[in-house]
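Data first, discussion second: the structure below is written as structure tokens.
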Amino acid sequence: MGLPEEEVFFDETSSRTSLPAPRPPAERRKKSRRGWMWLLLLVALMAGGGYFYYARQQLTSYWQELLVEWQLIPEPPAEGKGLKPVELTGYFINSQREGQLFVIQGQVLNEGIEPRAAIVVKGSIYDAAGARLAQQSAFCGNPMGKEQLRVWPIMRISERMQNQFGEMLTNLNLEPQRAIPFTLVFKNLPGEVAEFEVIVETSEPVIK
């Protein structure tokens, strides 16, 4: 039974927008196929871009290693592989010029199979909640005694920590199974020290 003529759906006088007429099945299949083609092309481009980036990174690493091997460029600084901080001690000391200082002293042991040079250690200090209060880096091979720490100004202490060659050039060639001393000095700490840590930040190969 048909609807009466006065009950018209989606006519021109209605506030609702008329629905578009359905497209033929063949045209719908054509549009769907075109969408899949674009999607496959996008995936292929993404995969190609990823491969190109990986290949470029591999090529860059290859040429860098080759130039280092030919001694055309210096070997880049590396983290201290085989270098281990040992015999760590942390303590406060009252300086006549600077007030209270916190000092970390220890040695770096070369557990590797090759000599290393320009060894840098980085010390971090934490409070009881685990928040880092301060961080300091220094070259190895520059020991400082308590009497020096008590009377030296902080500028002289800092200059000694930044002596990359080390006292008596000891930081130019650390042989395997040998150790080198270091001293890290902190001033004006913003909180109470609960713990500290030391890592070997960088080192370089010995130039032969």
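The values are calculated or read from the model by the stated rules, or taken from the named source; none is laboratory data. Please read all numbers here as calculations on a predicted model, not as lab measurements. Reconstructed Cβ throughout: ideal geometry from the backbone, glycine too, with neighbour counts over all protein chains shown. Note: areas computed on protein heavy atoms with side chains; ligands, DNA, RNA excluded. Shrake-Rupley method; radii C 1.70, N 1.55, O 1.52, S 1.80 Å.
Sorted by accessible area with a 1.4 angstrom probe, largest first, how do Ile154, Ile180, Ile207 fall?
Details: Ile154 45, Ile180 5, Ile207 160 Å².
Descending order: Ile207, Ile154, Ile180.
Which of the GluC sites (Glu not before Pro) found in region 168-205 are in a DSSP loop and have at most 10 neighbouring Cβ atoms, other than their own, within 10 Å?
Numbers: sites: Glu192, Glu195, Glu197, Glu201; in loops: Glu192.
Sites meeting the loop and neighbour criteria: Glu192.
With all pairs of different alpha carbon atoms counted, what Kirkwood hydrodynamic radius in Å does region 81-177 show?
Values: mean 1/r = 0.0686 Å⁻¹.
Answer for region 81-177: a Kirkwood hydrodynamic radius of 14.6 Å.
If you place +1 on the Cβ of every Lys and Arg and -1 on the Cβ of every Asp and Glu, how big does the dipole about the Cα centre of region 103-208 come out, in debye to the nearest 20? Can you show the working numbers first?
Working: 10 positive and 12 negative charges, 62 e Å.
Result for region 103-208 is approximately 300 debye, rounded to the nearest 20.
Expressed in nm to one decimal, what extension gain is obtained for the pair Ile207 and Gln164 from 0.36 nm per residue of sequence separation less their Cα-Cα distance?
On the way: separation 43, 0.36 × 43 = 15.48 nm, distance 1.50 nm.
Full extension from Ile207 to Gln164 adds 14.0 nm.
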